[in-house]
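Scroll down for the structure; my scribbles are underneath it.
The values are calculated or read from the model by the stated rules, or taken from the named source; none is laboratory data. Here the structure is a predicted model, which means the values were calculated and not measured. Glycine also receives a Cβ, built like all others from the backbone with ideal geometry; neighbour counts cover every protein chain displayed. Side chains included, ligands, DNA and RNA excluded: accessible areas come from the protein's heavy atoms. Shrake-Rupley method; radii C 1.70, N 1.55, O 1.52, S 1.80 Å.
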Amino acid sequence: MLSIFLSISLNDRSNIIQTLFGKYCLLCGTASNGNLCAPCHDSLPHLPFNHCMVCALPMAESCVCGACLAKPPAFDRTVAALSYAFPVNALIHSLKYQTNLPMAPVLADLLLARIDKDSFPDFIVPMPLHPVRLRERGFNQALEIARKVSKRCGIPLLPDACKRIKDTVSQAELPWKEREKNIRGALTCETDLTGKHIAMLDDVMTTGATLNELAKVLRKHGAVHVSGWVVARTLPRVLPHDS
């Protein structure tokens with residue numbers, strides 16, 4: 001499957017459009033009723049069944065890890081569709097850095113499959129992008145995915161509720177320990193969210209620093225429950241213990 005995938009250009013719009021209509025599997029090119037055939041879907045890097053309910057890192061049992069108990073983040077839970085590994089990272093990279101917008105509904109579907117339909121939030125808030133980065137990229141990948149999720153599950157989207165007011169260094173370029181400081185004070189909210197349950201939506205969660213900063217802002221404006229929804233969760237090479 002991998003060799004076939006590598007031979008297919010994710011920027012080939014005609015192939016992507018055919019995929020979206022359900023003719024071929026996006027990864028292996030075989031006939032499929034959906035974006036992915038069953039074997040390719042089953043081979044995706046799914047998160048371990050047992051993981052922390054708050055940060056989504058793997059652990060022995062599905063409860064709350066020691067790190068989240070010792071220093072609780074501002075968000076209550078994380079829903080992650082998959083682990084940030086091949087080929088999911090290639091799909092996200094195609095959308096984010098190669099302007100492959102037809103990939104947004106593909107990623108949205110992967111996330112929707114993991115969302116609990118019985119605990120929908122009141123609103124979805126996409127991770128905001130600074131205007132400078134938005135001009136460079138031409139779109140906000142989190143917003144594009146959020147549009148599809150909002151439409152397909154009927155949850156109202158608040159695309160302008162929050163803004164990024166500091167043009168910070170890309171989190172991906174920094175060591176994990178420096179990301180919390182980098183994003184501090186970079187986000188703001190202009191909407192009254194009193195009593196609301198908000199789902200923050202982003203493409204990738206690595207340390208959780210960016211989601212945590214946004215969650216702090218949402219709570220300052222009245223949100224009583226904040227969830228993080230991400231397509232992929234980066235797993236550290238050495239997983240933390242829950243002792």
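Yes/no per residue for (1) assigned to a helix (DSSP H, G or I); (2) of a type outside the set (A, V, I, L, M); (3) modelled with pLDDT of 90 or more; (4) surrounded by 18 or more Cβ atoms within 10 Å (Cβ to Cβ):
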position: ILE4; (1), (2), (3), (4): yes, no, no, no
position: THR19; (1), (2), (3), (4): yes, yes, no, yes
position: GLY29; (1), (2), (3), (4): no, yes, no, yes
position: ASN35; (1), (2), (3), (4): no, yes, no, yes
position: PHE49; (1), (2), (3), (4): no, yes, no, no
position: ALA56; (1), (2), (3), (4): no, no, yes, yes
position: GLU61; (1), (2), (3), (4): no, yes, no, no
position: LEU69; (1), (2), (3), (4): yes, no, yes, no
position: PHE75; (1), (2), (3), (4): no, yes, yes, yes
**OP:** List every residue pair whose Cβ atoms sit under 6 Å apart, with the two residues 6 or more apart in sequence or on different chains, where the first one lies in segment 140-168 and is at negative phi and buried (at least 21 other Cβ atoms within 10 Å of the Cβ) and the second, anywhere, is of a type in the set (Lys, Arg) and part of a helix (DSSP H, G or I).
**Re:** GLN141/LYS96
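When you look at LYS117, is it open to solvent by 40 Å² or more (accessible area, probe 1.4 Å), closer than 25 Å to LEU44 by Cα and among the basic types (Lys, Arg), yes or no?
yes
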**OP:** Six or more apart or on different chains, Cβ under 8 Å: which pairs go from a residue in segment 205-220 that's of a type in the set (A, V, I, L, M, F, W, C) to one that's in a helix (DSSP H, G or I) and at pLDDT 95 or above? Could you list them?
**Re:** MET205/LEU211
Subject >> Test result for ASP203, at pLDDT 95 or above and either among the basic types (Lys, Arg) or not in a helix (DSSP H, G or I) (or both) >> reply: yes
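To keep it simple, each residue is scored yes or no on (1) among the basic types (Lys, Arg); (2) within 18 Å of PRO121 (Cβ to Cβ); (3) at pLDDT 90 or above; (4) not in a strand (DSSP E or B).
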{"position": "ALA142", "(1), (2), (3), (4)": "no, yes, yes, yes"}
{"position": "ILE145", "(1), (2), (3), (4)": "no, yes, yes, yes"}
{"position": "ILE155", "(1), (2), (3), (4)": "no, yes, yes, yes"}
{"position": "ASP167", "(1), (2), (3), (4)": "no, no, no, yes"}
{"position": "LYS181", "(1), (2), (3), (4)": "yes, no, no, yes"}
{"position": "ALA199", "(1), (2), (3), (4)": "no, yes, yes, no"}
{"position": "LEU211", "(1), (2), (3), (4)": "no, yes, yes, yes"}
{"position": "LEU218", "(1), (2), (3), (4)": "no, yes, yes, yes"}
Original post:
Could you list, in sequence order, the residues of segment 91-140 that are in a loop (DSSP other than H, G, I, E, B), among the aliphatic types (A, V, I, L, M) and over 24 Å from GLU213 (Cα atoms)?
Top reply: LEU101, ALA113
